[in-house]
Amino acid sequence: MEKELSRRTDKLRDLALFRMGVDTMLRTSDLRSLRVCDVQEATGEIRERIEVKMKKTGRMVSCVLDEKTKSALTNWIEFSSKVNSDWLFTGRKGSEAITDVQHRRLVKEWCVMAGIDGARRSTHSVRKTKASVIFKKTQNIEAVRRLLGHQSVANTSRYLGVENEDALELAQMIKL
């Protein structure tokens, strides 16, 4: 899917939005509120880390951008001739920030491109992807909590669907 998006100039925004959604684990409301100056230095270089005040909670969260995301953002910003004060992700026909509805439609489109049933996928699925992978690889729920900007580990456990059975399986794996 990423290859197809990167080959088409009319999809550079979509690729940048997809990469930012997965990489930063931000909610749609936070992605839509980003401006170019939030991700780009005055020199034109894309920042490695960004700080975002989450709309839902008002808390600050730090996000790290990987090379693929930085490249996608560079390509999108250059192609669209955006300036620092512009919304980072705009609708196709204007200078206004992308809407929640547009973002939801794009997620469904990405699912089709990836051969995934989009019926049970949403913008939240994009937010949850990297968080789930980090948790599965590290079992570090506190790190995931911080990355998602959750207030408590209990919220993060519910969010990731960590069940009692998961905890028992981990306990069974550890031999003393």
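Listed values, structure above:
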quantity: Long pairs among Lys11/Lys136; Lys53/Lys128; Lys53/Lys93; Lys70/Lys130, criterion Cα-Cα beyond 21 Å; calculated: Lys11/Lys136; Lys53/Lys93
quantity: Distance (nanometres) between label positions extended 7 Å along Cα→Cβ at Ser71 and Cys37; calculated: 3.0 nm
quantity: Computed E for Arg47/Gln151 - FRET, C-beta separation, R0 25 angstrom, nearest 0.05; calculated: 0.45
quantity: For Trp87, Trp110, order by how many other beta-carbon atoms lie within 10 Å, fewest first; calculated: Trp87, Trp110
quantity: Label point 7 Å beyond Cα of Ser132 along Cβ direction - residues of segment 16-54 with amide nitrogen under 14 Å; calculated: 22
quantity: As computed over segment 2-99, the Cα convex hull volume per residue (Å³); calculated: 92 Å³
quantity: Distance from segment 90-153 to segment 46-85 (C-alpha centre basis), Å; calculated: 15 Å
quantity: Segment Glu163-Lys56, extension gain: residue separation times 0.36 nm, minus the distance between their alpha carbons; calculated: 36.0 nm
quantity: Residue-count net charge about Arg47 - beta-carbon cut-off 11 Å; Lys, Arg +1, Asp, Glu -1; calculated: -3
quantity: Mean Cα-pair separation over length for segment 114-176, i.e. relative contact order, pairs under 8 Å, 6 or more apart, %; calculated: 21 percent
quantity: Sum of side-chain charges, Leu147 neighbourhood, beta-carbon under 11 Å (Lys, Arg +1; Asp, Glu -1); calculated: +2
quantity: Cα pair distances of the chain binned at 5 Å [whole percent]; calculated: 1, 8, 16, 20, 19, 15, 10, 6, 3, 2, 1, 0, 0
quantity: Relative contact order computed over segment 2-99 (Cα-Cα under 8 Å; 6+ residues apart), in percent; calculated: 31 percent
quantity: Relative contact order, percent, the chain [alpha-carbon distance under 8 Å, six or more residues apart]; calculated: 23 percent
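Taken together, the values in this text are just the output of simple stated rules run on the coordinates, not laboratory data. Quick caveat, the model's predicted, so the values are computed rather than measured. Don't worry about glycine lacking a Cβ; one is built from the backbone with ideal geometry, like all the others, and counts go over all protein chains shown.
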